[in-house]
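The values are calculated or read from the model by the stated rules, or taken from the named source; none is laboratory data. These figures come from a predicted structure and were not determined experimentally. Here the Cβ positions follow ideal geometry from the backbone for every residue, glycine too, while neighbour counts run over all protein chains shown. Ligands, DNA and RNA are excluded from the accessible area calculation, which covers all protein heavy atoms including side chains. Shrake-Rupley method; radii C 1.70, N 1.55, O 1.52, S 1.80 Å.
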Amino acid sequence: MFFYLSKVFWFFANPSNILFFIICVTCFLAWIKWFRAVKFLITLTVMILTIISVTPVGTTIINHLENRFTMPNPMPKNIAGIIVLGGVVDQYLTNDRQQISINNAAERLTEFARLAKIYPDVKLVFSGGSGLLGRQELKEADFVKPLLADLNMNLERIIFEGQSRNTAENASYVKNVIKPNNTQPWILITSAFHMPRAIASFRQQGWNVLAYPVDYRTPFKQKFNFGLNLLSGLSSFSLAIHECIGLLFYWMSGLTNELYPKS
């Protein structure tokens with residue numbers, strides 16, 4: 001139920017959708033000649049768009065999320081295994097075009113392959129199903145295999161978990177498959193901005209995990225630069241709000257016991 005509610009909630013909470021709804025309401029009010037309300041909503045929209053497009057509010061939030069965890073230094077000599085979270089392959093487009101379609105989180109897989117060579121004897125896990133409300137029959141875990149083979153990974157070493165639909169299910173479903181004893185830590189690979197929610201979810205399930213963030217979107221020291229890029233600003237702001245809402249609702253619903261975890 002949480003999965004479905006979260007998708008519906010985000011549809012209405014997405015900043016892009018909110019702005020669209022405001023524009024639609026403004027248009028309606030203009031037709032019925034509620035001009036005072038129209039002026040207010042137009043002014044509000046312009047102010048929001050100005051803040052998002054001119055100031056780095058979105059990237060500043062993302063930067064804080066990305067800097068919350070750092071890679072182990074030095075890397076541990078002994079680990080139980082390596083877990084990488086899905087969100088790299090677009091299985092729907094891949095299935096339609098019959099060609100592997102990947103997004104800008106490819107570092108999750110390249111670092112997965114690199115660490116697999118450094119730790120040749122540990123367990124390897126890929127966790128990723130379908131995050132959409134529809135077409136649950138297409139699982140990312142099924143479509144990522146050719147790509148991992150191209151990275152010279154031995155597929156027989158990898159445990160593929162394809163039922164999880166969100167981060168909380170990544171943690172719980174992999175636990176059901178692996179049943180870790182936590183005598184040694186597991187390395188967890190995911191995008192840096194997503195790492196706080198991922199770590200909180202795995203800790204809630206009792207995992208002993210070490211963060212290995214990848215796919216950085218901001219420099220380590222974020223500079224407060226002004227600019228004018230509505231598309232980039234709105235994209236960054238939406239991503240930041242999505243993660244912040246995810247952290248809050250996971251904590252409120254009991255899926256995590258840490259609102260904003262740290263190392």
A careful count of residues in the range 74-90 that are more than 16 Å from the chain's Cα centre (by Cα), touching a residue at least 24 places away in the same chain (Cβ under 8 Å) and either within 30 Å of L133 (Cα to Cα) or not in a strand (DSSP E or B) (or both) gives 6
Scope the range 1-21; condition closer than 17 Å to G233 by Cβ and either part of a helix (DSSP H, G or I) or open to solvent by 100 Å² or more (accessible area, probe 1.4 Å) (or both); matching residues:
P15, S16, N17, I18, L19, F20
How many residues of the range 135-186 are assigned to a loop (DSSP other than H, G, I, E, B), surrounded by 19 or more Cβ atoms within 10 Å (Cβ to Cβ) and in contact with a strand residue (DSSP E or B) (Cβ under 6 Å, 6 or more places away or on another chain)? The answer is 2
Within the range 204-263, considering residues that are among the polar types (S, T, N, Q) and under 30 Å from P74 (Cβ atoms), the one modelled with the lowest pLDDT
Q222
Would you check which residues across the range 65-82 are in contact with a helix residue (DSSP H, G or I) (Cβ under 6 Å, 6 or more places away or on another chain) and open to solvent by less than 40 Å² (accessible area, probe 1.4 Å) and list them?
L65, E66, F69, I82
Scan (1) under 19 Å from L228 (Cβ atoms); (2) of a type outside the set (A, V, I, L, M, F, W, C); (3) more than 27 Å from the chain's Cα centre (by Cα) for the single condition P15 breaks and write down its number.
(3)
Would you check which residues across the range 22-53 are surrounded by 15 or more Cβ atoms within 10 Å (Cβ to Cβ) and within 18 Å of S232 (Cβ to Cβ) and list them?
I48, I52, S53
Residues in the range 210-252 that are open to solvent by 60 Å² or more (accessible area, probe 1.4 Å), of a type outside the set (K, R) and over 27 Å from T110 (Cα atoms): how many?
11
